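**Q** What follows is a structure written as structure tokens; I'll ask about it next.
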Amino acid sequence: MKLIHLSDIHLTTPGGTIGGRNPRLNFERALTHILRDHHDAELMVITGDLSDWGDLDDYRWLKNQLDAFPIPVRLCIGNHDRRDVFLSVFPELRDDDGLVQGVFDTAAGRCLLLDTNEPETHAGRYCDTRKAWLAQRLTEHPGPFLLFMHHNPMPTHLGPMDQIRLLDDAEFRQIVGRHRDRIRHIFFGHCHLPLAGSVAGVPATSLRGTNHASYPLFSERRFLSASDLPESYGVVFFGGDYVTVHMVEFGYSGPIRTEGSTEYKDWNRENMVR
Ligand SMILES: [Fe+2]
Ligand SMILES: [Fe+2]
């Protein structure tokens with residue numbers, strides 16, 4: 001089974017830019033790239049920061065894009081999103097607690113879409129209501145499970161970034177740890193960085209978003225860091241006993257040389273001959 005993971009699309013007003021890049025244009029470029037190479041994906045999940053300012057027009061535009069997209073899509077919200085505005089456009093994604101949490105079954109397992117948004121802060125929260133929801137979902141079904149969320153559930157050790165991480169991350173990991181044998185993978189966003197690790201023993205990955213990119217500048221202690229690294233999305237393959245996660249840098253505009261081509265031969269001779 002194949003799954004597409006997008007994050008941090010940060011839609012904003014038409015023609016508007018973030019980090020010198022146009023989020024709407026880059027989202028459209030990502031969708032086009034995905035349909036070219038991965039039209040057979042079973043599901044696409046966007047793990048939050050859908051709108052940069054939580055504007056109604058961004059969510060309406062997103063809904064129009066997704067309605068015309070042939071691959072099923074599920075959404076998480078992030079710290080830049082406004083839950084009430086989002087739910088006014090996607091009311092079917094409201095759960096019984098008024099949160100944007102849900103369940104979606106795939107061939108690779110049961111997807112749990114988590115809501116880590118906390119109004120008035122960029123940090124994430126997983127409050128008692130959400131913890132109870134997650135524990136219930138993990139208890140009522142045999143799994144396996146795939147978890148999707150916006151905020152990083154483990155520290156990055158980049159100081160400014162960790163100030164806005166999931167602040168309840170230790171308690172979150174305790175819940176995950178109790179069900180670790182039935183959770184295959186955790187996908188998250190928020191950091192705008194390719195990251196891999198584990199959460200209470202469960203593999204976890206993140207990736208650069210489809211617009212602006214971060215950089216792991218460990219010497220900077222106060223402020224978040226940005227770069228011009230390429231826009232990206234993720235492609236995930238699930239086998240019976242493996243998971244493979246790619247970060248596809250669709251925004252890369254340099255050469256890509258295919259073995260056997262003239263360019264490849266020229267490049268190979270220039271670089272490989274001793
Ligand atoms: Fe973001
Ligand atoms: Fe975020």
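The values are calculated or read from the model by the stated rules, or taken from the named source; none is laboratory data. Everything quoted here is computed from the prediction, not taken from an experiment. Because the Cβ atoms are built from the backbone with ideal geometry, glycine has one as well, and the counts that use them run over all protein chains shown.
Table: residues versus (1) within 18 Å of Pro153 (Cα to Cα); (2) buried (at least 18 other Cβ atoms within 10 Å of the Cβ).
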{"residue": "Leu62", "(1), (2)": "no, yes"}
{"residue": "Asn79", "(1), (2)": "yes, yes"}
{"residue": "Pro91", "(1), (2)": "no, no"}
{"residue": "Asp95", "(1), (2)": "no, no"}
{"residue": "Leu99", "(1), (2)": "no, yes"}
{"residue": "Thr106", "(1), (2)": "no, no"}
{"residue": "Arg110", "(1), (2)": "no, yes"}
{"residue": "Asp115", "(1), (2)": "yes, yes"}
{"residue": "Thr121", "(1), (2)": "yes, no"}
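**Q** Against the condition more than 16 Å from ligand 1 (Cβ to nearest atom), within 14 Å of the chain's Cα centre (by Cα) and closer than 25 Å to Leu6 by Cβ, how does His185 come out, does it pass?
**A** yes
**Q** Here is a follow-up. Which of the following residues is over 28 Å from Leu114 (Cα atoms), in contact (Cβ under 8 Å) with a residue 60 or more places away in the chain and surrounded by fewer than 21 Cβ atoms within 10 Å (Cβ to Cβ): Arg184, Arg269, Arg222?
**A** Arg222
**Q** If you don't mind, there's one more thing I want to ask. Mind listing whichever residues of region 93-117 are part of a loop (DSSP other than H, G, I, E, B) and of a type outside the set (Gly, Ala, Ser)?
**A** Answer for region 93-117, where residues must be part of a loop (DSSP other than H, G, I, E, B) and of a type outside the set (Gly, Ala, Ser): Arg94, Asp95, Asp96, Asp97, Leu99, Val100, Gln101, Leu114, Asp115, Thr116, Asn117.
**Q** Another question, then. Suppose we filter Cys191, Cys111, Cys127 for residues that are within 16 Å of ligand 1 (Cβ to nearest atom) and not aromatic (Phe, Trp, Tyr); which single one remains?
**A** Just one listed residue meets the conditions, Cys191.
**Q** Tell me, which strands (runs of 3 or more DSSP E) lie completely within region 181-240 with 2 or more residues that are under 15 Å from Thr47 (Cα atoms) and modelled with pLDDT of 95 or more?
**A** Those strands (runs of 3 or more DSSP E) span 183-188, 202-206, 233-238.
**Q** Here are some conditions: (1) more than 16 Å from Phe223 (Cα to Cα); (2) within 16 Å of the chain's Cα centre (by Cα). Phe172 meets all but one. Which one does it not meet?
**A** All conditions pass for Phe172, except number (2).
**Q** Is at least one residue of region 151-167 surrounded by 15 or more Cβ atoms within 10 Å (Cβ to Cβ), away from ligand 2 (no atom under 16 Å from the Cβ) and at negative phi?
**A** Taking every residue of region 151-167 in turn, none turns out to be surrounded by 15 or more Cβ atoms within 10 Å (Cβ to Cβ), away from ligand 2 (no atom under 16 Å from the Cβ) and at negative phi.
**Q** If you don't mind, there's one more thing I want to ask. Assess whether Asp57 counts as being surrounded by fewer than 16 Cβ atoms within 10 Å (Cβ to Cβ) and closer than 15 Å to Tyr233 by Cβ.
**A** The answer is no for Asp57.
**Q** Quick one: which residue in Glu231, Glu249 is within 16 Å of ligand 1 (Cβ to nearest atom) and surrounded by 15 or more Cβ atoms within 10 Å (Cβ to Cβ)?
**A** Glu231
**Q** Another question about this same structure. Looking at Thr116, Thr106, which one is over 25 Å from Gln174 (Cβ atoms), under 19 Å from the mean Cα position of the chain (by Cα) and in contact (Cβ under 8 Å) with a residue 40 or more places away in the chain?
**A** Thr106
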